[in-house]
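The values are calculated or read from the model by the stated rules, or taken from the named source; none is laboratory data. The structure displayed is predicted, hence computed values, not measured ones. Glycine also receives a Cβ, built like all others from the backbone with ideal geometry; neighbour counts cover every protein chain displayed.
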Amino acid sequence: MNKINSFQINAPDVVSETIDGETVIINLYKGLYYNLNPSGSFIWTLIEASVSKDEILQFLKQNYSHLSDEDQAGVTQLFDRLLAEELIVENESSAPATTPALSAPASFEAPVLFKYADMQDLLALDPIHDVDETGWPNQPAEVLGAGNF
């Protein structure tokens with residue numbers, strides 16, 4: 001059973017936290033961070049639970065009678081942007097998703113992903129990027145050089 005349009009968070013490179021209806025997402029590999037408005041945050045929570053894009057659209061149609069074609073296109077654009085920013089990847093699991101018991105936001109507005117690069121240099125300085133699988137403070141041989149000892 002292959003879920004169509006099912007995605008998952010691009011872990012471990014991507015971490016996120018939702019506080020008061022706003023989600024902050026950090027791409028640790030690229031050093032970029034993002035945030036989502038409340039509608040986008042709600043969709044992000046459903047993506048975390050491996051709910052497919054089609055199921056999310058169906059849920060939104062059922063819960064928001066005023067959901068327009070433009071709003072639906074906005075959801076699709078959000079998925080496209082999350083994929084382009086490498087924040088989500090296709091879900092390779094064939095296990096069915098368990099839809100979390102969430103209450104939808106009172107009103108739906110077009111989901112918006114805001115991107116910030118102002119801390120990119122600082123996040124890139126994090127020593128975890130300069131190590132191999134043995135962990136910090138061990139640096140990979142190509143960084144240390146073979147003849148330096």
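Part of a loop (DSSP other than H, G, I, E, B), aromatic (Phe, Trp, Tyr) and modelled with pLDDT under 65, is that true of Phe149? Judged against the criteria, Phe149 is a match. Taking the condition over 15 Å from Leu82 (Cα atoms) and either among the β-branched types (Val, Ile, Thr) or modelled with pLDDT of 95 or more (or both), does Ile19 pass? Yes; evaluated as a whole, the condition is true for this residue. Here segment 72-118 is the region considered, the condition is being among the charged types (D, E, K, R) and at pLDDT below 95, and the residue that is farthest from Asp54 (Cα to Cα) is Asp118. Residue count for segment 11-37 under the criterion of being crowded, with 20+ Cβ neighbours inside 10 Å and out of contact with any strand residue (DSSP E or B) (no Cβ under 7 Å at 6 or more places or on another chain): the result is 0.
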